[in-house]
1. All but one of (1) touching a residue at least 24 places away in the same chain (Cβ under 8 Å); (2) out of contact with any helix residue (DSSP H, G or I) (no Cβ under 8 Å at 6 or more places or on another chain); (3) farther than 22 Å from A:Asp332 by Cα hold for A:Val196, so report the exception by its number.
2. Name the residues in region A:473-508 that are open to solvent by 30 Å² or more (accessible area, probe 1.4 Å) and under 18 Å from A:Lys412 (Cα atoms), would you?
3. Which residue pairs have Cβ atoms closer than 8 Å, lie 6 or more positions apart in sequence or on different chains, and pair a first residue in region B:19-33 that is free of Cβ contacts under 8 Å to residues at least 40 places away in the same chain and open to solvent by 40 Å² or more (accessible area, probe 1.4 Å) with a second residue that is aliphatic (A, V, I, L, M) and in a helix (DSSP H, G or I)?
4. Within region B:34-52, how many residues are open to solvent by 20 Å² or more (accessible area, probe 1.4 Å), out of contact with any Leu (no Cβ under 6 Å at 6 or more places or on another chain) and part of a strand (DSSP E or B)?
5. Does region B:9-53 hold any residues that are in contact with a Lys or Arg (Cβ under 6 Å, 6 or more places away or on another chain) and more than 8 Å from chain A (Cβ to nearest Cβ), and which are they?
6. Could you look through region B:79-101, keep only residues that are part of a loop (DSSP other than H, G, I, E, B) and closer than 20 Å to A:Ser273 by Cα, and pick out the one that is most open to solvent (accessible area, probe 1.4 Å)?
7. Which of the residues spanning region B:74-91 are of a type in the set (Ser, Thr, Tyr) and touching a Ser or Thr at 6+ places or on another chain (Cβ under 6 Å)?
Amino acid sequence: MFYFFIRHYLELYLHILVVDDQALNCTLLKFMLEQESHTVFCVSNGKEAVEQFTDINPDIVLLDVMMPIMDGFEAAPLIKKQVSDVYLPIIFITALDDQRSLTRCLEVGGDDFISKPFDKIILSAKIKAHSRTRELSQKSFEQKKLLEFHQNEVQREHEIVEHIFKNALIEHLNVPDIIDYHLSPASMFNGDLFLVSPSPIGGLYIMLGDFTGHGLAAAIGALPTSKIFYSMAHKGLTVGEIATELNNMLADLLPGHMFCAASILELNKTGRSVNAWLGGLPDGYILDEIGQVKRELESQHMALGILESYEFEDNIVHFEVENTDRILVFTDGIIEASDTNDDFFGEERVLEIMSGSKQAKIGDVVNAVKDFSGDIEQQDDLSLALIHCKATPLPDDEPRSFSQIPMTFTVKLKHEQLKASDPVVQFVDLVCSIEGASEHRSNLFLLLSEAYNNALDHGILGLNSQGKDTEEGFYEYYEQRAEALSQLNSGSLDFTAFYQPDNQTVLFTIEDSGDGFCTTHRHHADNKTHSHGRGLGLMEEIATSISYNDIGNKININYCLNERATNT
Amino acid sequence: MSLNKNFSSDGKLFTIQIKGKFDFNLVQAFRSAYSEIGDKTPKVIIDLRETDYMDSSALGMLLNMKKSLGDSVSSIQIANCRPQIKKILQISRFDKKFDID
């Protein structure tokens, strides 16, 4: 398409349509224009001109006023109507010298006049002048087309990117009574990001980040940042670990001059304790109930994405808060918003607003910044968040389902394997392959670990727990155990797990090759101060039931999967 | 299974984080971790956010730590327990001896 226009306006020779009912005028104009190497088409009235206009596709129209069938006044607007994008000069051929008729020529769309008799020099000058104007018009039309094309392209790309950003950054976490925040990007894309995620152990992770600059270039780092943040938050990792991972990723990804100032906070489930990694953002604040500053949260580290992994520091600050406290964090866009005198909005104004009223909200600060800046265009992304230090309960339990198939697992360990391995976690993994068992992992581990270690320590190794009460005795016990285990040259241990789908219960048995213990000397389960003997009490609380065989070398443990793992 | 330890920037908080399995296999590592506590009487946090498994030997280790540290720390908190781990601590009445958040 553009090739056509380029060829067309570079051509010096024009297509000229002459519309005149007098053959003499046509011949004369044709002769003079062809001398200048233009191509001339002649028609004898307005109607023919209108009808043949598209086929001829002229660059300039010379139009007589008085003609039969359709005169020039009527034809001019009809011709102009057929061209919209590029200037088409219509030059009226006229002998008229009365002002009214000339005015009418202009009103109907005429651009110029050429009067009879024709003067070759004037004609040539007018043709050249109008063809230059048409050329410019054509150029600008082409550029407009190109621009539109690129604009559409950019818009389409932005829409795609915007869609990706939206999906990447937003987790549908709705905690309005805890988090009050505002983000306003200086352009379509935000170089600031604010992420909130629940923790699997209750509580919330919150991250406010500010990438160098603003716009798409700044926003691009937000994608991997949010992915890593959410995935680590879902695993319940520490803010130090999250910061380390983000730093390493951003250091690899971003060009040298770009980085991300960030505060990463973890509010625990009681809402009373906060861990924070603070790198490069302006000071945050702990505000009390009435908005007075209780503590400043001063940046401890360089922004993310600058230091190499061996230089990076994951130290955090930890502080206790009241449930009525709020944590205020913001990016420099807020405090560096300027007014017409180039004064900054500043932290004092932010704190003044927050202490002005118990009900002061983020929106109040945002409005004050807007009033302050007045008509000045927003220079940087503005972001701030107020986090109410309230308790956040655990997310709801998901509905559960259980395997319908009865299963039995058996593991037989000889002394070589008892020496070389610590198989309890493998037992647990085996049992957790039963659908519905996985959420009980920790409980199953406890039961199997206690049973296994009792069988191994006392049944097979013949160790005695007495003496474990003192600190030194405790450590000595484990040294003796390691020693005895290394010298073990006989003995075996059988583990079975039998799953019954009708009552969703797993029966475990652990049988050792030892002589068994006298069940009347069982360890004191409720012992609260001694460092041993606690295991059995725990097992009895967590298992559905526990029994032993007569000689005490075999324990049976029933555990029902269809109870919440944390019911007590 | 691993153990990380960390002093906060101001030296007032000492965190021991245990990942995976907390049992007698960590006896030495755990003991040597809290032996570095120094004389600044920091607060100690045992961060169990990534502790999947725990048995009675871990309870013994915690009690020994408490006895051993005595007044050389301002407090010992067991933090960020997953629900089943917290239940184990509650059954063992550890909430009477430790600050469990």
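1. Going through (1) touching a residue at least 24 places away in the same chain (Cβ under 8 Å); (2) out of contact with any helix residue (DSSP H, G or I) (no Cβ under 8 Å at 6 or more places or on another chain); (3) farther than 22 Å from A:Asp332 by Cα one by one, A:Val196 breaks only (3).
2. Answer for region A:473-508, where residues must be open to solvent by 30 Å² or more (accessible area, probe 1.4 Å) and under 18 Å from A:Lys412 (Cα atoms): A:Asn489, A:Ser490, A:Ser492, A:Asp494, A:Thr496, A:Phe498, A:Leu507.
3. The qualifying pairs are B:Arg31/B:Met61; B:Arg31/B:Met65.
4. Initially, region B:34-52 is screened for residues open to solvent by 20 Å² or more (accessible area, probe 1.4 Å), giving B:35-36, B:38-41, B:43, B:50, B:52.
From the residues that got through so far, the ones that are out of contact with any Leu (no Cβ under 6 Å at 6 or more places or on another chain) too are B:35-36, B:38-41, B:50, B:52.
Adding the requirement that they be part of a strand (DSSP E or B) leaves B:52.
Total satisfying the criteria: 1.
5. Scanning region B:9-53 gives B:Gly11, B:Ile16, B:Ala33, B:Pro42.
6. Step one: list which residues in region B:79-101 are part of a loop (DSSP other than H, G, I, E, B), which gives B:80-82, B:92-93, B:97-98, B:101.
Now narrow it down to the ones that are closer than 20 Å to A:Ser273 by Cα: B:80-82, B:97-98, B:101.
Numbers: B:Asn80: 13, B:Cys81: 3, B:Arg82: 64, B:Lys97: 85, B:Phe98: 9, B:Asp101: 20 Å².
That would be B:Lys97.
7. As a first pass, look at region B:74-91 and keep what is of a type in the set (Ser, Thr, Tyr): B:74-75.
Matches in region B:74-91: B:Ser74 only.
Residues are listed down the side, and each one gets a yes or a no for (1) away from chain B (no Cβ under 14 Å); (2) part of a loop (DSSP other than H, G, I, E, B); (3) closer than 22 Å to A:Phe259 by Cα:
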position	(1), (2), (3)
A:Leu281	yes, yes, yes
A:Tyr285	yes, no, no
A:Glu289	yes, yes, no
A:Ile306	yes, yes, yes
A:Ser309	yes, yes, yes
A:Asn315	no, yes, yes
A:Glu322	yes, yes, no
A:Ile327	yes, no, no
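The values are calculated or read from the model by the stated rules, or taken from the named source; none is laboratory data. Not measured: the values here are computed from a predicted model. Glycine also receives a Cβ, built like all others from the backbone with ideal geometry; neighbour counts cover every protein chain displayed. The protein model used for the area step is the full one, side chains on, heavy atoms only, and it has no ligands, DNA or RNA in it. Shrake-Rupley method; radii C 1.70, N 1.55, O 1.52, S 1.80 Å.
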